[in-house]
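See below for the structure under consideration.
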Amino acid sequence: MKKRFMGIAAFTLSVALLFSGCSSDKKKDDGDSSDLNEEIVEAVDGYFKQLTNMSLSKITKYAEESSFADLDLKSDEFDVLNAYIEKVEYEVTAAEGKEKKGTGTATVEITYVDLEKILDSVDDSSDVDELVDAINNKKAKTKSEEIELDMSYDDKWIIADDAPVYDLLMDSFGDVSKALKNGSNVEPDATVTTDDTVGTTTEMTTSDEPTTTTVNDTEPVETHETQPAPAIVDRHILPADEIKSYLTEKGMYVEEENNNGMTAYEFTNDADDLSFIYAEFDDSSMCQMYFDQFCENVIALDGIMEDEWQGNTHHFIVKNIASMGNITLDLYLYRDENTLLFGGISSAQGQDAPIEYLEIVEHLGLYDIPVV
């Protein structure tokens with residue numbers, strides 16, 4: 001039973017991190033082109049991860065002159081666009097480049113919701129909730145188109161111009177934007193500025209006091225799809241050498257793994273029910289990619305999952321995992337710009353994680369265990 005935990009621990013992070021062929025199978029060919037330049041693929045992956053998370057402020061890490069960076073929408077438009085962009089899927093079908101020349105290209109097939117069909121299917125195209133529900137409907141019709149992106153290289157590959165992505169997606173979104181602007185669902189006490197009269201504000205209110213439209217800026221509930229930005233995280237783990245020293249003092253065994261652009265250490269205990277993996281990446285986009293893979297693998301477990309953020313540690317508890325004899329996994333994943341630290345505890349059905357294990361988790365800086 002316990003041995004199966006380490007199988008899943010190795011699977012959930014090692015598939016996504018240590019023993020994946022993604023790191024070791026790169027074809028560099030002295031920096032020249034290959035059939036599928038994986039560094040270009042990673043840059044495009046990083047770009048679309050930020051785009052589909054609507055992390056527009058971070059998208060410039062992968063496309064410095066991004067057309068999305070200065071996107072300014074009304075709150076209703078943004079709500080619909082957020083649902084629309086989250087559904088975008090992509091596949092890099094070709095990627096080649098020459099580092100010495102600093103140029104390359106990536107061909108990407110983009111699949112997105114057919115907004116024209118969406119507008120035809122709803123009763124009131126200006127109703128935000130109805131539009132969002134229609135977009136999120138699993139039966140929503142989609143389109144697929146192939147675009148080519150110009151890439152540039154200066155220490156790392158980035159997208160030189162993401163206008164083809166912007167033009168494709170935002171041109172389709174234009175009809176929705178018009179429908180919302182032409183809608184009649186204006187709140188009676190809202191302050192509305194018309195497009196026809198510059199600098200003129202018309203107040204529509206039932207009280208003597210003027211009212212204004214307020215934008216809901218409440219922070220969204222954090223999930224693996226809305227991670228806090230590494231630049232603003234508020235948690236810090238121990239340095240790598242202190243982690244290694246502390247865990248070996250606790251009697252844990254350590255194995256080192258080195259792949260292209262990554263150094264990692266895996267720590268396990270005798271009981272095989274406690275595991276930590278620490279990894280450093282040269283490329284932050286690789287760190288993000290493996291983090292996302294890990295989260296997807298955890299979500300695929302056949303158990304009852306709870307998840308929450310604390311600082312920049314994503315804490316998963318997956319209970320009653322049927323394929324593993326109904327055990328519970330208590331999982332912690334810290335992420336900053338170039339570092340991942342994973343912690344995993346296995347407990348038998350109905351049992352809590354041992355307090356001494358939780359104290360180790362807390363000492364490393366992964367998580368502040370609440371006092372009950």
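The values are calculated or read from the model by the stated rules, or taken from the named source; none is laboratory data. These numbers were taken from a predicted model, which means no experiment stands behind them. Note: ideal-geometry Cβ built from the backbone for every residue, glycine included; neighbour counts use all protein chains shown.
Among the residues of the range 273-302, those identified as surrounded by fewer than 16 Cβ atoms within 10 Å (Cβ to Cβ) and among the charged types (D, E, K, R) are GLU280, ASP282, GLU296, ASP302.
Across the range 343-372, the number of residues qualifying as hydrophobic (A, V, I, L, M, F, W, C), under 27 Å from the mean Cα position of the chain (by Cα) and not in a loop (DSSP other than H, G, I, E, B) comes to 3.
Mind telling me which of the residues VAL122, VAL80 ends up being assigned by TED's automatic domain parsing to the domain that holds LEU180, touching a residue at least 24 places away in the same chain (Cβ under 8 Å) and touching a helix residue (DSSP H, G or I) at 6+ places or on another chain (Cβ under 8 Å)?
Exactly one residue qualifies, and that residue is VAL80.
Does THR214 count as loosely packed, with under 15 Cβ neighbours inside 10 Å and either under 31 Å from the mean Cα position of the chain (by Cα) or at pLDDT 90 or above (or both)? Judged against the criteria, THR214 is a match.
Conditions tested, residue by residue: (1) in the same structural domain as LYS61 (by TED's automatic domain parsing); (2) among the small types (Gly, Ala, Ser); (3) surrounded by fewer than 22 Cβ atoms within 10 Å (Cβ to Cβ).
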site	(1), (2), (3)
THR268	no, no, yes
ALA271	no, yes, yes
ILE304	no, no, yes
TRP309	no, no, yes
ALA322	no, yes, yes
ASN326	no, no, yes
LEU331	no, no, no
GLY343	no, yes, no
GLY350	no, yes, yes
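Contact annotation: residue pairs with Cβ atoms under 7 Å, 6 or more positions apart or on different chains, pairing a residue in the range 139-156 that is under 17 Å from LYS87 (Cβ atoms) with a partner that is of a type in the set (Lys, Arg), are LYS141/LYS117. The set of residues in the range 263-277 being under 17 Å from LEU340 (Cβ atoms) and in contact with a Lys or Arg (Cβ under 9 Å, 6 or more places away or on another chain) consists of TYR265, PHE267. The residues listed here are VAL122, VAL108, VAL113; of these, the one that is among the hydrophobic types (A, V, I, L, M, F, W, C) and surrounded by fewer than 18 Cβ atoms within 10 Å (Cβ to Cβ) is VAL122.
Of the residues making up the range 130-177, those that are exposed (fewer than 13 other Cβ atoms within 10 Å of the Cβ) and part of a helix (DSSP H, G or I) number 3.
Can you tell me which condition ASP330 does not meet? The list is (1) in contact with a strand residue (DSSP E or B) (Cβ under 9 Å, 6 or more places away or on another chain); (2) closer than 23 Å to GLU39 by Cβ, and all the others hold. With (1) in contact with a strand residue (DSSP E or B) (Cβ under 9 Å, 6 or more places away or on another chain); (2) closer than 23 Å to GLU39 by Cβ applied to ASP330, the lone miss is (2). Among residues of the range 88-117 that are of a type in the set (Phe, Trp, Tyr), those with a beta-carbon under 7 Å from a residue that is assigned to a strand (DSSP E or B) at least six positions away or on a different chain give the pairs TYR90/VAL108; TYR90/GLU109; TYR90/ILE110; TYR112/THR142; TYR112/LYS143.
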